[in-house]
Amino acid sequence: VKESEIRIKAAHDRYLKLLEDDAVRISANPELMESISCPVCAQDQSQLAFTKAGFNYVTCEACMTLYASPRPTFEALIQLYRESESTAYWVNEFFKPVLEVRRERIFRPRAEMITRLFPDVATGTFGDVGAGFGILLEELSPLWPDGRLVAIEPSKEMANLCRAAGLEVAEEMLESLDAGTYEFDLLTAFELFEHLQDPRPFFESVRRLLKPGGHFLFTTLSGTGFDIQLLWEKSRSVSPPHHLNFANPFTIDRLLKRTGFELVDASTPGVLDWDIVDGCMSDGTWPGERLWDTVNRFVDTAGKENLQSWISSSKLSSHMQIVARAV
Ligand SMILES: [Zn+2]
């Protein structure tokens, strides 16, 4: 997978500009913002990492989580996701044109990975939180024909798309789902954690909706990941007001312990780190550094693939995947 295949650069840049406008507008209004403790370990000692579009990002001294504080209040964020131009743009201009490529390159392998990791859920109950267009569930349906597969999707438009695809839909925020109606063997949330206004109640809700011993699998951006560490405030992944939390695979267990989970596996199966850094040096987004200029100039394709493979296996990719078990 190359970054250019799954993201059209012009559409991505336009989307990020809309987000930046939202971020500047929201952060200028103190009534819409609140300060928080570390969303992973709840400690209060942090250092300013950088400021971007009016948002302060700080690094927790205890667990190295990178997070925005102050950040929009829950109400301000809900309103933003419901009404802002950026959300509609993301759906129609950014996501839809690459939907079929993403189905093949991202969602189908993701569905296959889930069946490999959790074979017992084939006849159980599975829920995807933030199911979006329902593509993961569409891909999973033929693999798990005897399972109960539920799309959890609070947005009306997307919930309707999921229904049109023949999926069972819970059109609600996860936090308002009734544990009596749903007892999940497995819940997943892909690229959602970084958006959460307050991870703790979200994780407690996941815990409440899982059977004892049930699993939660999620992916998110790692703040100790290669491209984010190098690019830092220049990283396109650091995009307020949407991306607020950048946990890491080394300390995420602190949040899991606080919310009734044990860590099963923390990995960083990302494949795009070098490609992203390379792209930012080429287009001038990032001025580069001596070592990485040298790598870019002299290391051949196989060497760059080795580098990416080392990044992923050392848990240093910015794409991380966590498996946790409800205890
Ligand atoms: Zn912390």
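Do you know which residues across region 202-229 are over 28 Å from Asp185 (Cα atoms), surrounded by 21 or more Cβ atoms within 10 Å (Cβ to Cβ) and either aliphatic (A, V, I, L, M) or out of contact with any helix residue (DSSP H, G or I) (no Cβ under 9 Å at 6 or more places or on another chain) (or both)?
Of all residues in region 202-229, those over 28 Å from Asp185 (Cα atoms) come to 223-229.
Right, trim to surrounded by 21 or more Cβ atoms within 10 Å (Cβ to Cβ) and you get 223-228.
Those that are over 28 Å from Asp185 (Cα atoms), surrounded by 21 or more Cβ atoms within 10 Å (Cβ to Cβ) and either aliphatic (A, V, I, L, M) or out of contact with any helix residue (DSSP H, G or I) (no Cβ under 9 Å at 6 or more places or on another chain) (or both): Thr224, Ile228.
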Tell me, which residue of region 104-119 that is of a type outside the set (A, V, I, L, M, F, W, C) and touching an Asp or Glu at 6+ places or on another chain (Cβ under 7 Å) is nearest to Arg7 (Cα to Cα)?
Arg105
List the number of the failed condition for Ala151; all other conditions in (1) buried (at least 21 other Cβ atoms within 10 Å of the Cβ); (2) out of contact with any helix residue (DSSP H, G or I) (no Cβ under 7 Å at 6 or more places or on another chain) hold.
(2)
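Within region 171-192, work out how many residues are aliphatic (A, V, I, L, M), modelled with pLDDT of 95 or more and either closer than 19 Å to Pro145 by Cα or surrounded by fewer than 20 Cβ atoms within 10 Å (Cβ to Cβ) (or both). Show your work before the answer.
Step one: filter region 171-192 for residues aliphatic (A, V, I, L, M), giving 173-174, 177, 179, 186-187, 189, 192.
Still in the running and modelled with pLDDT of 95 or more: 186-187, 189, 192.
Those still in the list that are either closer than 19 Å to Pro145 by Cα or surrounded by fewer than 20 Cβ atoms within 10 Å (Cβ to Cβ) (or both) too: 186-187, 192.
Number of matching residues: 3.
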State the number of residues belonging to region 273-327 that are touching a Lys or Arg at 6+ places or on another chain (Cβ under 6 Å) and under 30 Å from Phe261 (Cα atoms).
1
Region 239-258 residues that are more than 27 Å from Ala23 (Cα to Cα), paired with ones that are crowded, with 24+ Cβ neighbours inside 10 Å and among the small types (Gly, Ala, Ser) (beta carbon under 7 Å, 6 or more apart):
Pro249/Ser222; Leu256/Ala324
Quickly run through region 20-61 and pick out the residues that are more than 15 Å from Phe246 (Cβ to Cβ), within 10 Å of the ligand (Cβ to nearest atom) and aliphatic (A, V, I, L, M).
Ala42
As an exercise: evaluate Phe218 against (1) aromatic (Phe, Trp, Tyr); (2) without any contact (Cβ under 8 Å) to a residue 60 or more places away in the chain; (3) in a strand (DSSP E or B) and give the number of the one condition it does not meet.
(2)
Scan region 126-136 and give yes if some residue there is out of contact with any helix residue (DSSP H, G or I) (no Cβ under 8 Å at 6 or more places or on another chain) and not in a loop (DSSP other than H, G, I, E, B), otherwise no.
no
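Being away from the ligand (no atom under 16 Å from the Cβ) and either over 22 Å from the mean Cα position of the chain (by Cα) or within 27 Å of Glu85 (Cβ to Cβ) (or both) is the requirement here; does Tyr15 meet it? Full working, then the answer.
Numbers: away from the ligand (no atom under 16 Å from the Cβ): yes; either over 22 Å from the mean Cα position of the chain (by Cα) or within 27 Å of Glu85 (Cβ to Cβ) (or both): yes.
Yes: the conditions hold for Tyr15.
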Within region 223-238, the residues that are part of a loop (DSSP other than H, G, I, E, B) and either more than 16 Å from the ligand (Cβ to nearest atom) or free of Cβ contacts under 8 Å to residues at least 24 places away in the same chain (or both) are Gly225, Ser235, Arg236, Ser237, Val238
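Mind telling me which of the residues His243, His215 ends up being modelled with pLDDT of 95 or more, under 23 Å from Ser35 (Cα atoms) and touching a strand residue (DSSP E or B) at 6+ places or on another chain (Cβ under 7 Å)? Break it down into steps so the answer makes sense when it comes.
Working: His215 fails: under 23 Å from Ser35 (Cα atoms).
Of the residues listed, the single one that is modelled with pLDDT of 95 or more, under 23 Å from Ser35 (Cα atoms) and touching a strand residue (DSSP E or B) at 6+ places or on another chain (Cβ under 7 Å) is His243.
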Condition (residue is touching a residue at least 24 places away in the same chain (Cβ under 8 Å), over 16 Å from Lys17 (Cα atoms), within 19 Å of the chain's Cα centre (by Cα) and within 16 Å of the ligand (Cβ to nearest atom)) applied to region 70-89: is it met by at least one residue?
yes
Hey, can you tell me all the residues within region 239-260 that are aromatic (Phe, Trp, Tyr) and surrounded by fewer than 24 Cβ atoms within 10 Å (Cβ to Cβ)?
Phe250
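Here's the yes/no breakdown for (1) modelled with pLDDT of 95 or more; (2) surrounded by 18 or more Cβ atoms within 10 Å (Cβ to Cβ); (3) farther than 27 Å from Asn29 by Cβ:
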residue: Tyr57; (1), (2), (3): yes, yes, no
residue: Cys63; (1), (2), (3): yes, yes, yes
residue: Pro72; (1), (2), (3): yes, yes, no
residue: Ser84; (1), (2), (3): no, yes, no
residue: Val101; (1), (2), (3): no, no, yes
Gly284 is checked against (1) more than 30 Å from Ile252 (Cα to Cα); (2) in a helix (DSSP H, G or I); (3) not aliphatic (A, V, I, L, M) and fails just one. What number does that condition carry?
(2)
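The values are calculated or read from the model by the stated rules, or taken from the named source; none is laboratory data. In this text the structure is predicted, and so the values were computed from the model without any measurement. Positions of Cβ are generated from backbone atoms using ideal geometry, with glycine treated the same way; all protein chains shown enter the neighbour counts.
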